[in-house]
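My questions all concern the structure below.
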Amino acid sequence: MYPTLKEHAQLTGHTDQVWCISWSPSGALLASCGGDKTIRIWGKEGELWVCKSVLTDAHTRTIRAVSWSPCGQYLAAASFDATTSVWSRKSGEFECLATLEGHENEVKCAGWACTGNLLATCARDKSVWIWEVTADEEFECASVLSTHTQDVKYVKWHPTRELLASCSYDDTVRLYREASDDWESCALLKGHTSTVWSLDFDKDGHRIVTASADATVKIWREHEPGNPEGIATPDHIPVWKCVCTLSGHHERPIYSVSWCPLSGRIATASGDDSLCVYQELPAEDEKNAPKFELTVRHRGAHAEDINCVAWNPNEEGLLASCSDDGAVKIWQIEKE
Amino acid sequence: MEYLESSVDGKREMSSVIPHHGVDQDENENDDSELKILQETIYDLISDIKDPEKADSLEDLNVVSETGVKVKRLQDGQVLANIEFVPTVPHCTLASIIGLSIRSKLDQSLPKKMKIDIFIKKGTHDTAEEINKQINDKERISAAMENPNLQKLVASCIDPEDT
């Protein structure tokens with residue numbers, strides 16, 4: 001009755017811990033990066049997953065995160081060497097197009113807005129930078145947001161709006177929007193009791209899921225001005241409230257969370273070496289008191305901490321993960 | 001928790017490679033003695049780490065103690081080591097280096113990578129909470145260990161003869 005995760009492929013090649021994986025928008029390619037300072041691009045040949053390219057020499061330290069642009073032509077890579085590289089594959093091969101400098105120390109994440117015109121980066125220097133992509137493929141800093149009080153671990157854009165979310169070692173999540181003359185922090189989500197490592201929006205972007213070192217997952221819902229619940233929205237700015245907390249399933253920090261736009265399933269990856277998958281259940285008040293059920297807990301999914309998990313954007317039930325054990329794995333969720 | 005059982009049942013292959021525990025009395029006793037040996041091994045490894053400032057070892061300075069090392073199994077069978085240490089003075093600026101050295105030594109010396117939590121003993125340092133969070137954040141640890149100066153400092157604490 002409950003589904004299981006079946007290991008579909010194990011991709012080996014990285015020579016150190018793997019920090020991040022990212023599916024291309026079409027779901028045909030998977031990029032991975034890590035402590036060996038390389039980016040690997042994986043794709044299918046027939047039924048087999050193979051390494052298509054290895055991108056090297058752009059960074060002198062760990063590559064912490066990779067992210068594809070919505071058009072699938074660009075790949076951004078954030079590194080502990082304080083820079084972010086942007087790669088283009090328009091010529092057919094991956095070429096390093098730009099190296100973005102500005103952060104004072106380790107860049108931890110990079111993410112593209114839905115339009116592809118904006119790129120956000122965040123770092124241990126506590127700041128979030130927003131870069132504008134010009135028509136001639138140049139990157140200009142549009143804003144530096146220093147509202148977090150500690151290092152910023154992760155950034156993620158809204159699926160359809162130019163609304164940015166970030167989460168931090170200061171245990172909070174912040175949202176940013178463009179005001180009349182500059183970007184501003186427009187919401188603060190407080191509730192986790194330790195570092196918030198990762199977040200994701202649901203398909204429509206009215207809900208956010210967050211994963212924390214406090215070993216819990218929280219779901220937050222947007223309340224727009226004039227909401228039927230009567231929740232006050234000062235200055236007509238939407239307010240986000242925690243509507244659900246999932247706990248007791250992971251025993252160590254949760255490092256990554258992915259909300260599948262196709263199935264609505266939520267996957268989490270943890271320092272307890274396990275992957276969990278949650279499914280939403282019908283509830284009396286789905287908006288304000290949603291119910292999520294743990295449907296898979298795959299223990300020992302990797303031999304060490306799992307750092308990242310991501311649903312394939314195009315093929316329902318296909319999941320990728322990566323770990324300190326140096327492996328990238330592809331999983332298929334199967335109904336019993 | 002019925003759903004947990006059902007999903008675990010579906011993975012017999014995986015469970016066979018993870019050491020089980022608590023099944024019967026004998027296994028319990030075997031596991032307890034295994035953990036006890038591991039606890040002693042860990043203490044032996046960290047006791048002779050050198051203090052970053054002094055010539056003495058962490059054991060000589062009573063920074064680490066046998067009672068400060070605890071090991072247990074997580075629900076899936078992995079071993080978690082919990083190490084508590086006492087900085088020499090409550091404002092010790094090198095407490096985080098001691099934490100990094102303990103972790104590095106264990107990562108390098110133990111045959112299998114283990115889950116490790118390292119904490120300053122409650123009430124023994126002015127900014128214990130802050131340092132505890134830092135020295136257990138895997139991303140900060142990774143980044144710190146890529147810093148050549150920190151690497152050298154940690155190496156000098158772990159292998160005093162080599163430097």
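Taking A:N227 and the conditions (1) away from chain B (no Cβ under 14 Å); (2) in a strand (DSSP E or B); (3) free of Cβ contacts under 8 Å to residues at least 60 places away in the same chain, which numbered condition does it fall short on, given that it satisfies the others?
(2)
So in the stretch A:303-318, with the set limited to residues that are touching a Ser or Thr at 6+ places or on another chain (Cβ under 8 Å) and among the aliphatic types (A, V, I, L, M), which one is farthest from the other protein chains (Cβ to nearest Cβ)?
Checking each candidate, the answer is A:A310.
Next question. Which one is farthest from the other protein chains (Cβ to nearest Cβ), of the residues in the stretch A:202-221 that are of a type in the set (A, V, I, L, M, F, W, C) and not in a loop (DSSP other than H, G, I, E, B)?
Taking the stretch A:202-221 first, the residues of a type in the set (A, V, I, L, M, F, W, C) are A:208-209, A:211, A:213, A:215, A:217, A:219-220.
If we keep only those that are not in a loop (DSSP other than H, G, I, E, B) too, we end up with A:208-209, A:211, A:217, A:219-220.
Numbers: A:I208: 21, A:V209: 19, A:A211: 14, A:V217: 16, A:I219: 19, A:W220: 23 Å.
Looking at residues that are of a type in the set (A, V, I, L, M, F, W, C) and not in a loop (DSSP other than H, G, I, E, B), I get A:W220.
Next question, about the same structure. Which one is farthest from A:C114 (Cα to Cα) among residues in the stretch A:15-31 that are assigned to a loop (DSSP other than H, G, I, E, B) and more than 14 Å from chain B (Cβ to nearest Cβ)? Spell out how you get there, then give the answer.
Taking the stretch A:15-31 first, the residues assigned to a loop (DSSP other than H, G, I, E, B) are A:15-17, A:24-28.
Right, trim to more than 14 Å from chain B (Cβ to nearest Cβ) and you get A:15, A:24-28.
Working: A:T15: 33, A:S24: 13, A:P25: 11, A:S26: 14, A:G27: 16, A:A28: 19 Å.
Looking at the filtered set, the residue picked out is A:T15.
Show the residue pairs that are 6+ apart or on different chains and have beta-carbon atoms under 7 Å apart, the first residue being within the stretch A:244-255 and more than 10 Å from A:A211 (Cα to Cα), the second being crowded, with 19+ Cβ neighbours inside 10 Å and aliphatic (A, V, I, L, M).
Correct list of pairs: A:C244/A:I219; A:S247/A:A215; A:H249/A:L294; A:H250/A:A215; A:E251/A:A215; A:R252/A:A215.
Quick check, is B:K105 in a strand (DSSP E or B), at pLDDT 95 or above and away from every other protein chain (no Cβ under 14 Å)? Spell out how you get there, then give the answer.
On the way: in a strand (DSSP E or B): no; at pLDDT 95 or above: yes; away from every other protein chain (no Cβ under 14 Å): yes.
Judged against the criteria, B:K105 is not a match.
Ok, one more. Where residues in the stretch A:32-56 are in a loop (DSSP other than H, G, I, E, B) and within 29 Å of A:K126 (Cβ to Cβ), which of them is farthest from the other protein chains (Cβ to nearest Cβ)? Walk me through it before giving the result.
The first filter runs over the stretch A:32-56 and keeps only residues in a loop (DSSP other than H, G, I, E, B), leaving A:35-38, A:46-47, A:56.
Those still in the list that are within 29 Å of A:K126 (Cβ to Cβ) too: A:35-38.
On the way: A:G35: 7, A:D36: 12, A:K37: 10, A:T38: 15 Å.
Within the stretch A:32-56, the match that is farthest from the other protein chains (Cβ to nearest Cβ) is A:T38.
Can you pull out every residue in the stretch A:288-302 that is more than 8 Å from chain B (Cβ to nearest Cβ), more than 16 Å from A:E251 (Cβ to Cβ) and either of a type in the set (G, A, S) or within 22 Å of the chain's Cα centre (by Cα) (or both)?
At the first step, the residues of the stretch A:288-302 found to be more than 8 Å from chain B (Cβ to nearest Cβ) are A:288-292, A:301-302.
Add one more test, that the residue is more than 16 Å from A:E251 (Cβ to Cβ), and what stays is A:288-292.
Result: A:A289, A:F292.
Which number in (1) touching a Lys or Arg at 6+ places or on another chain (Cβ under 8 Å); (2) within 28 Å of A:V66 (Cα to Cα); (3) β-branched (V, I, T) marks the one condition that A:V243 misses?
Here A:V243 clears every test but (2).
Look at the stretch B:108-129 and say how many of its residues are free of Cβ contacts under 8 Å to residues at least 12 places away in the same chain and facing chain A (nearest Cβ under 10 Å).
Here the count works out to 2.
Another question, then. Here are some residues: B:I83, B:I141, B:I46. Which one is crowded, with 17+ Cβ neighbours inside 10 Å, within 14 Å of chain A (Cβ to nearest Cβ) and either in a helix (DSSP H, G or I) or at pLDDT 95 or above (or both)? Show your work before the answer.
Values: B:I83 fails: within 14 Å of chain A (Cβ to nearest Cβ); B:I46 fails: within 14 Å of chain A (Cβ to nearest Cβ).
None of the other options fit; the residue is B:I141.
Quick check on B:S96: is it in contact with a Cys (Cβ under 8 Å, 6 or more places away or on another chain), of a type in the set (G, A, S) and either over 26 Å from A:A82 (Cβ atoms) or away from chain A (no Cβ under 14 Å) (or both)? Even if it seems obvious, please write down each step before you answer.
Values: in contact with a Cys (Cβ under 8 Å, 6 or more places away or on another chain): no; of a type in the set (G, A, S): yes; either over 26 Å from A:A82 (Cβ atoms) or away from chain A (no Cβ under 14 Å) (or both): yes.
When the stated conditions are applied, B:S96 does not pass them.
Ok, one more. What pairs can you find where one residue is in the stretch A:171-196 and within 13 Å of A:S212 (Cα to Cα) and free of Cβ contacts under 8 Å to residues at least 40 places away in the same chain, the other is of a type in the set (A, V, I, L, M, F, W, C) and outside any strand (DSSP E or B), and their Cβ atoms are less than 9 Å apart, with a gap of 6+ or different chains?
A:H192/A:A213; A:T193/A:A213
Restricting attention to the stretch A:323-336, report how many residues are hydrophobic (A, V, I, L, M, F, W, C) and either over 23 Å from A:R64 (Cβ atoms) or within 14 Å of chain B (Cβ to nearest Cβ) (or both). Write out each step before concluding.
Here is the first cut: in the stretch A:323-336, the residues hydrophobic (A, V, I, L, M, F, W, C) are A:327-328, A:330-331, A:333.
With the extra rule that they be either over 23 Å from A:R64 (Cβ atoms) or within 14 Å of chain B (Cβ to nearest Cβ) (or both), the set shrinks to A:327, A:331, A:333.
Summing the residues that are hydrophobic (A, V, I, L, M, F, W, C) and either over 23 Å from A:R64 (Cβ atoms) or within 14 Å of chain B (Cβ to nearest Cβ) (or both) in the stretch A:323-336 gives 3.
The values are calculated or read from the model by the stated rules, or taken from the named source; none is laboratory data. Computed from a predicted structure; not experimentally measured. Heads up, the Cβs are rebuilt from the backbone with ideal geometry, glycines too, and the neighbour counts pull from every protein chain shown.
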